[in-house]
Amino acid sequence: MAADIRLFPCLTDNFGYLIHDPATNATASIDAPQAAPIISALQREGWTLTDILVTHHHGDHVGGVAELKQKYQCRVVAPHDKSTKIANVDLRVGQGDVVKLGSLLARVLETPGHTLDHVSYVFDAEKALFAADTLFSIGCGRVFEGTYPMMWDSLLKLRALPDDFKLYCGHEYTAANVKFALTVEPDNPALRARAEEVTRLRAEGKPTIPALLGEEKKANVFLRADEPSVAASVRLKGRSPAEVFGELRERKNKS
Ligand code: ZN
Ligand code: FE
């Protein structure tokens, strides 16, 4: 039986995610921005929360953990990082660890840069990537704690996943990301197609997520810092991809 994935808005622009295993009734929340919408989604589906998979320590990703833990006595899985300040953790995970959720398996990728503790969860059988604030559709997270080369390496880890995987990211930032990406690659046909799709989805009040990873590889400028045309567009022809990535990120910060 295939896993069920639900997404719903939390806080201002965060996504809440539930992944449910019909074979065992295991249900995990990916992060917990806020307890109330997660509890509502669980009640709507008739599911009971068994696990929370935390990606990083920011408040908009862990704000609901304590209340959900109290209500469901669920297991809290969080990054193995000594500097992290996440409370109520039952299991710490790092690169290559595999978390069992009933019969579902989540593989852990360490993707530091946005924060030093950031991890992403990959459900290979479900072709689903939960990348939180590392990779957004047509964008990436701000580099708060890490360095540009570190964040670029993290993006390369995610880019290595197959094209038919779906990206489930932490925030609905796609429209703003598209606007910025078009300033760097105005003639990229995949980006222009995504721009049209995003305009239509937002007009219909629908989320722009999930996104297909194969499309992101073609349209997301932050995954394309090693394309000579992107380097040339930001006047860094011949420079390293990490430098080009850093320039893109700084331009986005100022946009
Ligand atoms: Zn964050
Ligand atoms: Fe966030």
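Just a few scattered comments:
- Within the range 155-171, the residues that satisfy the criterion of being in contact with a Ser or Thr (Cβ under 8 Å, 6 or more places away or on another chain), buried (at least 20 other Cβ atoms within 10 Å of the Cβ) and within 18 Å of Ala219 (Cα to Cα) are Leu155, Leu158, Leu167, Cys169.
- Filter pass, Ile86 being within 16 Å of ligand 2 (Cβ to nearest atom) and farther than 23 Å from Ile209 by Cβ: yes
- Here Trp152 meets each of (1) away from ligand 2 (no atom under 16 Å from the Cβ); (2) aromatic (Phe, Trp, Tyr); (3) free of Cβ contacts under 8 Å to residues at least 60 places away in the same chain with one exception, condition (3).
- Options Arg194, Arg224, Arg200; residue that is surrounded by fewer than 15 Cβ atoms within 10 Å (Cβ to Cβ) and either basic (Lys, Arg) or closer than 20 Å to Met151 by Cα (or both): Arg200
- Residue in the range 91-113 that is crowded, with 18+ Cβ neighbours inside 10 Å, at negative phi, within 16 Å of ligand 2 (Cβ to nearest atom) and within 13 Å of the chain's Cα centre (by Cα) present: yes
- For first residues located in the range 180-200 and of a type in the set (Asp, Glu), partners that are assigned to a helix (DSSP H, G or I) and lie 6+ apart or on another chain with Cβ distances below 7 Å form the pairs Glu185/Leu191; Glu185/Val221; Glu185/Val230; Glu185/Ser233.
- Pair list, Cβ under 6 Å, 6 or more apart: the range 1-24 residue within 23 Å of Thr174 (Cβ to Cβ), other residue open to solvent by 50 Å² or more (accessible area, probe 1.4 Å) and among the aliphatic types (A, V, I, L, M): Phe15/Leu7; Tyr17/Leu7
- Count of the range 50-61 residues which are open to solvent by 30 Å² or more (accessible area, probe 1.4 Å) and of a type outside the set (D, E, K, R): 4
- Residue among Lys127, Lys85, Lys69 that alone is more than 23 Å from Gly141 (Cα to Cα) and either touching a Pro at 6+ places or on another chain (Cβ under 7 Å) or open to solvent by 30 Å² or more (accessible area, probe 1.4 Å) (or both): Lys69
- Index of the failed condition, Thr134 passing every other in (1) over 10 Å from the mean Cα position of the chain (by Cα); (2) open to solvent by less than 60 Å² (accessible area, probe 1.4 Å): (1)
- Qualifying residue in the range 87-105 (condition: within 16 Å of ligand 1 (Cβ to nearest atom) and either touching a Cys at 6+ places or on another chain (Cβ under 8 Å) or closer than 20 Å to Ala131 by Cβ (or both)): no
- Only one of the numbered conditions (1) more than 16 Å from ligand 2 (Cβ to nearest atom); (2) free of Cβ contacts under 8 Å to residues at least 60 places away in the same chain; (3) touching an Asp or Glu at 6+ places or on another chain (Cβ under 8 Å); (4) open to solvent by 10 Å² or more (accessible area, probe 1.4 Å) is violated by Ala35, and that is (4).
- Evaluation of Gln43 against (1) open to solvent by 10 Å² or more (accessible area, probe 1.4 Å); (2) in contact (Cβ under 8 Å) with a residue 24 or more places away in the chain (one fails), failing number: (2)
- Meets criteria (hydroxyl-bearing (Ser, Thr, Tyr) and more than 25 Å from Glu243 (Cβ to Cβ)) for Ser103: yes
The values are calculated or read from the model by the stated rules, or taken from the named source; none is laboratory data. All values derive from a computational prediction rather than experimental measurement. Virtual Cβ from ideal backbone geometry, glycine too; neighbours counted across all protein chains shown. Please note that ligands, DNA and RNA were not included when accessible areas were found on the heavy atoms of the full protein model with its side chains. Shrake-Rupley method; radii C 1.70, N 1.55, O 1.52, S 1.80 Å.
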